[in-house]
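One structure below.
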Amino acid sequence: MITLAGPREVADLRALRNAFAARPEVSDTIGAWGISYGGGQIWNALAAGVPLAAVEVVETWTSLYDALWPQNLARSGIVAGFAAGIAARSPLVTGIRDDAVQSRNLGAVRALTAERSVTSRLGSIKTPVYLFQGKIDFAFDLTQATSAFSRLGGPKKLYAGNFGHPPSTFPGIDGSYVVSQGVAWFDRFLRGTQNRVDARKVVIAKRASGTARVELNALPATRTQSFALLGTRTARGSAVVSRRTAPLQAALETWGSTGTARVTVPKLANYPRLVVTLLAGNRVVAHGGLQPRVGVNVVKLANYCVYVPKGTRLRVTVGPSSPAGQSIPAYLGFAGSGSATIGQITLRLATLAKPVSG
């Protein structure tokens, strides 16, 4: 039975690790590699004190609630997809699925996810950890890895690469690099091989390349770019309000958890969710959502690393869901949406001080 990387599954991982360690032909210097769900289980095992000598976590979470219910609004397209994949094997998920997708009874959802998240315990983890996180991952964005990287107390390394949950794939075009780095990390911290895998702390893949990347000694420097989009228009039903920036005077590349869209809403009528999507052409640059109120609504934008060329006009949509035409809608639409009058929108984008792609 699947219990979402809960205490029962942590106990199973502990027992598995101890069973291997007890075998005379196996060293008790044991590591673990986990992707997505498996990565979450490894984090929880580390926090519970399972004696792993080194780990690698791939496209996963440290705060499950913040990843999938940011600002108390489900990334319903992602949550529904996950639930559909495991509900048949998990009475736990079946019992909360409808509430989780439609952002109801969130106290219960928060309590469940808190027990399966390690954010508050990251500082106590001294195990060597290599974090592999996708640059564009609608389930678990970069903040899930960068916040962990900032708080970990032991050896650590972060690779932000061209892979992930949709709209990315795993493996990505940099799959061979991910594998080679993973082997080197285990060689270093399980076998004691004196290689240079931990010499560089943060590596960022360049856009659409399996070989080009930038190596840094710390998380990259960022800056904030602002755009004011004026006007007043009412969104009704499933329709969205759309506005564009002027052409960019220089290329930018998003990175950071401080991006926001401040949306002024003079009037609301039966409008339970407000979703902001930032696009470059048909490509999502960032998005976010919340349960709106009359006045200024500050929507926190997801942390993706997306390169946008000079001359591009960014487009912002505001409505009850992700805009039509998206192959992977992060926020689903639901029947019964009323209307919202959308006034000024102010974008504040967190971007790399120096783009790595181009």
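The numbers here are math on the coordinates, done by the rules we state, and not lab data. On a predicted model such as this, the values are computed, not experimentally measured, just so you know. Please note: Cβ atoms are built from the backbone with ideal geometry, for glycine as well, and neighbour counts cover all protein chains shown.
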HN-Hα couplings for segment 244-251 via Karplus (6.51, -1.76, 1.60; θ = phi - 60°), in whole Hz with x for Gly/Pro, come out as 10, 7, 5, x, 4, 7, 8, 5
For segment 18-60, state the semi-axes of the equivalent ellipsoid (square roots of 5 times the eigenvalues of the alpha-carbon gyration tensor), sorted largest first and rounded to whole angstrom.
-> 21, 10, 8
Name the residue, out of Gly85, Gly39, Gly288, whose mean-square fluctuation peaks in a Gaussian network model built on the chain with Cα pairs under 10 Å.
-> Gly85
Checking rank on 18-29, 296-307, with mean other Cβ inside 10 Å and highest first, the result is 296-307, 18-29
Scattering curve values for the chain, log₁₀ I(q)/I(0), Debye with Cα scatterers, q = 0.07, 0.08 Å⁻¹ | -0.31, -0.41
Given charges at Cβ of Lys, Arg, Asp, Glu: the chain dipole, positive-most of Gly39, Ala324, Val50 | Ala324
Residues with amide H under 5 Å from that of Leu301, placed H, sequence gap 5 or more = Gly259, Thr260, Ala261
Could you list the residues of segment 44-65 with an amide nitrogen less than 14 Å from a label point located 7 Å from the Cα of Thr29 in the Cα-to-C-beta direction?
-> 52-55
Proximal lysines to Lys135, defined as alpha-carbon separation beneath 17 angstrom and excluding residues fewer than eight positions away on the same chain | Lys157, Lys201, Lys206, Lys354
Round to the nearest 0.05 the FRET efficiency obtained for Ser120 and Asn72 when R0 = 30 Å and r is the Cβ-Cβ distance.
-> 0.95
If one takes the longest principal axis of the Cα atoms in the chain, at what angle in degrees, from 0 to 90 and to the nearest 10, does the Cα axis of helix 37-47 lie?
-> 60
Once phi for every residue in segment 179-185 is put through the Karplus expression 6.51 cos²θ - 1.76 cosθ + 1.60 (θ = phi - 60°), the whole-Hz ³J(HN,Hα) values, with Gly and Pro written as x, are 5, 5, 5, x, 4, 5, 5
By Cβ neighbour count within 10 Å, fewest first, Ser238, Ser176, Ser321 rank Ser176, Ser238, Ser321
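Between Asp198 and Arg283, what FRET efficiency follows from the Cβ-Cβ distance if R0 is 45 Å, with the result rounded to 0.05?
Details: r = 34 Å, r/R0 = 0.76.
Computed FRET efficiency for Asp198 and Arg283 comes out at 0.85.
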Extension gain Lys354-Arg8, at 0.36 nm per residue separation less the Cα-Cα distance, in nm?
-> 120.1 nm
Cα convex hull of segment 222-352: how many Å³ per residue?
-> 88
To the nearest 10 degrees, the tilt of helix 91-101 (Cα long axis) against the first principal axis of the alpha carbons of the chain is 30
Between Phe334 and Gln225, Cβ-based FRET efficiency (R0 35 Å, step 0.05) works out to 0.60
